[in-house]
1. Whole-Hz ³J(HN,Hα) for each residue in segment 57-68, computed from phi via Karplus 6.51 cos²θ - 1.76 cosθ + 1.60 with θ = phi - 60°, x for glycine and proline: what do you get?
2. Keeping all protein chains in the complex and leaving out DNA, RNA and ligands, what accessible area do you get for Ser74 with a 1.4 Å probe, in Å² to the nearest 10?
3. Let me check against my output: what whole-number percent is the relative contact order of segment 28-102, with C-alpha pairs under 8 Å and at least 6 apart?
4. Residue by residue through segment 86-95, which ³J(HN,Hα) values in whole Hz follow from phi under the Karplus form 6.51 cos²θ - 1.76 cosθ + 1.60 (θ = phi - 60°), with glycine and proline marked x?
5. Ratio of alpha-carbon Rg to the 2.2 N^0.38 Å globular estimate for segment 13-69, to two decimals, please.
Amino acid sequence: MNAQELAPEIGIDAEATLPLPTADMDGDALFRLGMMYSTGQAGCPMDRVSAHMIFNLAAMKGSVEARVYRREMSQEMERDEIADAQRAARRWIDAGVVTLAA
């Protein structure tokens, strides 16, 4: 389990540790965050599972670019990594940290 999945469950102050998705982020902001994780920039570790998860959230919020990057990233990932990313995205949504309503 990665830090992004654990943060809301264990009460870590996400802003003090890693840049993480928030309820106020739109699809474009989530896409930029996904890019940071896919390239290891701006204090984010290079993490394909987290990047895929965030691209998934961004795509659900309407980012066309995120759909493209998520698909490309999926081609480089193992099935279990993709499943982990999808579960993580669902957990963020279920916890109310990311809302899909526009």
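1. Each residue's phi maps through the Karplus curve to give 4, 5, 4, 5, 9, x, 7, 5, 4, 4, 4, 5 Hz.
2. It works out to around 40 Å².
3. Over segment 28-102, the number comes to 28 percent.
4. 5, 5, 4, 4, 4, 5, 5, 5, 4, 6
5. Taking N as the residue count of segment 13-69, the ratio is 1.01.
The values are calculated or read from the model by the stated rules, or taken from the named source; none is laboratory data. Every value quoted in this text rests on a predicted model; they were computed, and no experiment measured them. Surface areas here come from the heavy atoms of the whole protein model, side chains and all, with no ligands, DNA or RNA. Shrake-Rupley method; radii C 1.70, N 1.55, O 1.52, S 1.80 Å.
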